[in-house]
C-alpha cells in the first residue's frame, strides 16, 4: 500500500474506501472446491491409478483412459440431473447476494455498463 500511495495517491485513497476482502490477495481463498482437488492432486491421481501402474505401459495408459472416461460420464450424469445451470451451493450464494443487493440502487449507462450504489459505496459494472 505504501508503494501504491507513492505511485498513485488517488488509487491509494480509492482502495482505502473499499473492503480489502474484495480486492486483496490476502483474502483470496486458496484451493479448489472440486472433489478431485480436495487432496493433493498428485496423491489423488496416484491413488486412483494404483492398480493400473502395475501393468505394462500401454495397458496402464488404457486403464487410465477408461478411468477418466468413466469419471467424465459420472460428472455428465450429475450435471444432466441438475434442474438449473447452477449447483445448490451456487444457488444459496446467489440468494444471499440478491438479499444483500436489495438496498442497492442501479443506473444504466451506455454499452452494457451500470453504476451501482450500495450504502456509501459506488461501483461501475459491465
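So how tilted is helix 88-101 from the main axis of the chain? Cα-based, degrees 0 to 90, rounded to 10. Helix 88-101 and the main axis of the chain meet at about 0 degrees.
Potential lengthening of the chain between residue 75 and residue 62 amounts to 2.7 nm, from the contour at 0.36 nm per residue minus the alpha-carbon distance.
Measuring max minus min along each principal axis, the C-alpha atoms of the chain give extents of 64, 42, 26 Å (largest first).
The residue 44 and residue 83 beta-carbon pair, evaluated with R₀ = 30 Å, returns a calculated FRET efficiency of approximately 0.55. Packing here is the average count of other Cβ atoms within 10 Å per residue, and on that basis the peptides 75-81, 48-54, highest first, run 48-54, 75-81.
Set the Förster distance to 22 Å, then compute FRET efficiency between residue 19 and residue 101 from the Cβ-Cβ distance, nearest 0.05.
In this case the efficiency is close to 0.90.
Throughout, read-outs are computed from the coordinates displayed, never taken from laboratory work. These numbers come from a predicted model, not from an experiment. Reconstructed Cβ throughout: ideal geometry from the backbone, glycine too, with neighbour counts over all protein chains shown.
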